[in-house]
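In what follows, a single structure is set out as C-alpha cells and then discussed.
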Amino acid sequence: MDSHSFSPESTGLRRAGVLGLAAASTVAGTREMQRLLSAQGTSAPEVLLLVFFALCFGWIALSFWTAVAGFLQSVFGERLPGPRYPTVDEEGVPLRTRTSVVMPIHNEDPAAVFANLQATYESVAATGYLDAFDFYVLSDSTRAEAWVAEELAWSDLCRRVGGQGRIFYRRRTDNTGKKAGNLGDFCERWGRRYDFTVVLDADSLMDGRTLVKMARLMELNPRTGIIQAPPLCVGRTTLYARLQQFAGRVYGPVVATGAAAWQLGESNYWGHNAIIRTEAFINHCGLPVLPGKQPFGGHILSHDFVEAALMRRAGYTVWLMPELGGSYEQPPPNLLAYAQRDRRWCQGNLQHLSLVLAGGLHPLSRAHFLMGVMSYVASPLWLLFLLAGLAAALHDRFFLDVHLLEQPGLAYDAPGALRLFAISMGMLFTPKVLGLTLALTRKGEAARMGGRLKLVLSVLAESVLASLLAPVMMLFQSHFVFGTLLGYRVNWSSQQREDADLPWSEGLRRHAVHMAVGAGLFGAALLVSPGLAAWLAPVVVGLLLAVPLTVLTARASLGTWAARKGLFLIPEETEPPGVLERAQGITEEFAVEPVPDAVERVLTDAKAHALHMALLESQPGLSLDTPPAALESARRKLLGGLAEPLSAQEKVAALLDAGTLAEAREQRLTRSVS
C-alpha cells in the first residue's frame with residue numbers, strides 16, 4: 001500500500017468522532033425514550049416502540065454527525081487528507097495514461113444522450129488532453145426504434161466533432177447482468193486497452209477539466225481504485241425536480257463532504273460519474289451471481305456498492321471527492337418517477353444483506369452494505385414506530401386503569417416528550433441549516449441563488465414540501481421493502497427523464513391507499529386524544545394531500561413560475577457552467593429525428609441502411625443471437641409481399657440479419673425502378 005493512500009494519524013480520530021458521537025447520541029436518546037415509556041409500566045407495544053425508536057434515532061444521529069463533519073471540513077479544510085494531489089508544476093504535464101469514457105444506455109432518448117456526450121467530448125478537447133481519452137456508447141436497448149435512432153445519432157455526432165476512431169458505439173443483444181453486465185462486456189472486449197475507465201450514466205454530463213483531474217489523481221495514486229465525483233442534479237424544470245436540484249445543491253455537499261471526511265479511503269462508489277482503475281476492476285470486481293431466485297438471488301442489481309467493496313478488499317482505496325465539481329446528472333421529473341427508480345434500488349440494496357458477512361471485506365465496506373439497506377428499511381421502521389406508538393397509546397387508553405395513571409410519578413411526562421421530539425427534529429433539519437449557512441456565508445453564492453432573502457424562503461418552502469412528501473415516500477418504500485421480502489421481483493425498464501404533466505387520475509390511482517392510511521391513522525389517533533391527532537398531523541396531512549402534491553409538483557409550469565419568483569434557484573441555472581450550457585444548446589440546435597419504424601428506416605434510407613450494415617459487419621456474431629422463429633416470420637412478411645406489420649421481436653430479428661435486410665432492400669429498389 002503506498003504511503004499516500006491514507007492519513008493514519010487522523011483516520012481513527014475522524015471515525016471515532018462521527019461514529020462515537022452518533023452511538024452516544026443514540027444511547028442517550030433511547031434511554032430518554034425508555035424513561036418516558038416506563039413511567040406507566042411497559043407494555044408489549046411499547047417494547048417494540050423502543051426498538052424501532054432506537055433504530056430510527058440512530059439513523060438520524062449518523063446523518064446529523066456526518067453533516068457536522070462535512071460542515072467542519074468545508075470551513076477548515078479544502079482537501080481530504082490522504083491522496084497525493086498534483087503540484088502546480090504537475091498540473092500542466094501531459095497525461096501518461098489512456099482513459100475510456102463509457103456511457104451505458106437502455107432505451108433512452110438519443111437526443112439528450114448524445115447532446116451530453118458531445119458537450120463532454122468538446123469540454124475534454126478544450127483542455128488539450130483529448131488524445132488521452134476515448135468515448136464509448138454501450139447500448140443495451142431492446143426496442144428496435146431506439147437502436148436505429150442511436151446509430152444515426154452516433155454517426156451524426158462523429159461527423160460534427162470529427163470523432164471517428166475516438167467515439168465508438170456498440171449494441172449488445174444479450175442483456176445479461178443489465179448495466180453491470182454491459183460494463184463487464186466492455187471490460188472483456190476493450191477494457192485492457194485503457195488504464196482507467198470513467199463510468200457515466202445515460203443522463204450524465206461531466207466537465208472535461210474534471211475528467212482530466214480524475215485521470216491525473218489516478219496517475220499520482222497508484223493504489224487508488226475508484227474516485228467518485230458526486231453528481232449534482234441539474235437540467236429539469238418541474239417543481240419536483242427543482243426541489244431536488246435545490247436540495248442537492250444546498251444540503252447535498254454538506255452530507256457528501258461529511259461522508260468523505262470520515263470514510264476517507266474506504267468511501268463508496270455510486271456507479272456513475274466516477275473513474276476506476278481498469279485492470280484492478282477487471283481482476284478483482286467480477287460480480288457473483290447470488291444463489292437462489294430473485295428478488296434476493298440472481299444477478300446483483302445495485303452493483304456499485306459491491307464493486308467498491310471488492311476493490312477495497314483487493315487493497316485499493318476508494319475515494320469520494322466532492323471538491324472535484326463539474327459532475328452532473330438529471331433528477332426524476334416527479335415523485336412517481338422517483339419511486340419507480342427507488343423500487344429497483346431497494347431490491348438491489350436488500351440483496352446486499354447476503355454479502356455483509358462475505359470473507360475479506362473491510363469493516364467499512366460491510367457498513368456501506370448495512371447503510372444502503374438502512375436507507376430503505378428506515379421507512380418501514382418509521383412506519384412501524386408510528387403504528388407501535390399508536391398501539392401503545394390505544395393500549396393505555398383502553399386497558400389501563402385511568403385512576404392509576406393519575407397517581408404521582410405515573411403521569412405522562414409531556415414536557416420530556418416534547419423535548420425529545422424537538423431534539424430529533426433539530427438533528428433531522430441540521431444538515432439543511434448547515435448547508436444554508438455555508439451558502440449564505442460564501443461570497444457570491446447567495447446572489448446566484450436569488451439573494452439571501454429568496455434563499456432563506458426557498459429553504460423554508462423546500463423543508464415544508466419535503467416534510468409533506470416524506471410520509472408518501474415512507475409508504476412507497478415500505479411497500480417496496482415488504483414486497484421484496486415477500487418475493488416480488490423488479491422489472492428492468494428505462495427511467496422517465498423528460499418533464500411531463502401527470503393526470504389527476506394517475507395520481508388518484510397511485511395514492512388511493514396512501515390517503516386511506518392517512519385517514520385511518522387520524523381516526524385511530526382521535527380515539528386516544530385530540531393531542532395525539534395533532535402530533536400525527538404532519539404525517540396525516542402529507543398522506544391526505546398526496547394526490548395534489550404529486551400532480552402539482554410534476555408540473556413544469558409551476559417550476560418555471562417558482563424560478564421567475566427567484567425560488568429554488570441554483571448557481572448552475574443563473575450562471576450555467578460552459579459544459580451544461582453547451583449540452584442544452586446542442587439539444588436545441590441538433591434535433592434528433594424520431595424513428596417511427598426501425599426496419600422501414602433501414603430499408604428506405606440509404607444512409608441508415610449503409611450505417612446499420614457496416615455496424616452489423618463489425619460484430620459478425622450478432623446474427624447468432626437471432627431467434628429462428630422470429631426471423632423466419634419476419635422474412636415471410638418482408639420478402640413475401642405481405643402487408644402485415646412486424647412485431648417488436650420480428651423487427652429486432654430482421655435488424656440482426658444482414659442477409660434479410662439486403663434482400664428486402666434490393667427487392668424494394670427493384671420495385672421502385674419498375
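Filtering the stretch 242-255 to residues that are within 23 Å of residue 208 (Cβ to Cβ), of a type outside the set (S, T, N, Q) and buried (at least 24 other Cβ atoms within 10 Å of the Cβ) leaves nothing.
Is there a residue in the stretch 262-271 that is in a helix (DSSP H, G or I) and in contact with a helix residue (DSSP H, G or I) (Cβ under 9 Å, 6 or more places away or on another chain)? Quick ask: steps written out before the conclusion?
Step one: list which residues in the stretch 262-271 are in a helix (DSSP H, G or I), which gives 262-263.
From what's left, in contact with a helix residue (DSSP H, G or I) (Cβ under 9 Å, 6 or more places away or on another chain): 262-263.
Yes.
Just the residues that are at pLDDT below 70 and aromatic (Phe, Trp, Tyr), please, taken from the stretch 373-414. Hits for the stretch 373-414 are 398, 399, 412.
Name the residue, out of 654, 630, 614, that is in contact (Cβ under 8 Å) with a residue 24 or more places away in the chain, of a type in the set (A, V, I, L, M, F, W, C) and part of a helix (DSSP H, G or I). So that I can check it myself, show each step before the final result.
Values: 630 fails: in contact (Cβ under 8 Å) with a residue 24 or more places away in the chain; 614 fails: in contact (Cβ under 8 Å) with a residue 24 or more places away in the chain.
Every option except 654 fails the conditions.
Every test in (1) crowded, with 23+ Cβ neighbours inside 10 Å; (2) part of a strand (DSSP E or B) is passed by residue 170 save one, and that test is (1). If only residues of the stretch 292-341 that are without any contact (Cβ under 8 Å) to a residue 60 or more places away in the chain and in contact with a Gly (Cβ under 7 Å, 6 or more places away or on another chain) are counted, the one that is nearest to residue 547 (Cα to Cα) is 304. Does residue 236 fit the bill of being in a helix (DSSP H, G or I), of a type in the set (Lys, Arg) and either closer than 13 Å to residue 273 by Cα or not assigned by TED's automatic domain parsing to the domain that holds residue 564 (or both)? No; evaluated as a whole, the condition is false for this residue.
Only helices (runs of 4 or more DSSP H) whose full extent lies in the stretch 28-137 are considered here, and the ones with at least 1 residues that are β-branched (Val, Ile, Thr), over 31 Å from the mean Cα position of the chain (by Cα) and farther than 30 Å from residue 173 by Cβ are 44-76, 88-91.
Which count do you get for residues in the stretch 220-241 that are more than 21 Å from residue 585 (Cβ to Cβ) and buried (at least 23 other Cβ atoms within 10 Å of the Cβ)? If you could, list the steps in order and put the result at the bottom.
The initial filter retains those residues of the stretch 220-241 that are more than 21 Å from residue 585 (Cβ to Cβ), namely 220-230, 238-240.
This time we only want the ones that are buried (at least 23 other Cβ atoms within 10 Å of the Cβ), so: 224-230, 238-240.
Going through the stretch 220-241 one residue at a time, the tally reaches 10.
Across the stretch 293-326, the qualifying residues are those that are surrounded by fewer than 21 Cβ atoms within 10 Å (Cβ to Cβ) and part of a helix (DSSP H, G or I), and the one among them that is nearest to the chain's Cα centre (by Cα) is 323.
Go over the candidates 304, 342 one by one and state the one that is closer than 30 Å to residue 555 by Cβ, charged (D, E, K, R) and not assigned by TED's automatic domain parsing to the domain that holds residue 555.
Details: 304 fails: closer than 30 Å to residue 555 by Cβ.
After applying the criteria, what remains is 342.
The values are calculated or read from the model by the stated rules, or taken from the named source; none is laboratory data. Remember, it's a predicted structure, so these values are computed and weren't measured experimentally. Quick reminder, even Gly has a Cβ in these numbers, built from the backbone with ideal geometry, and neighbours come from all protein chains shown.
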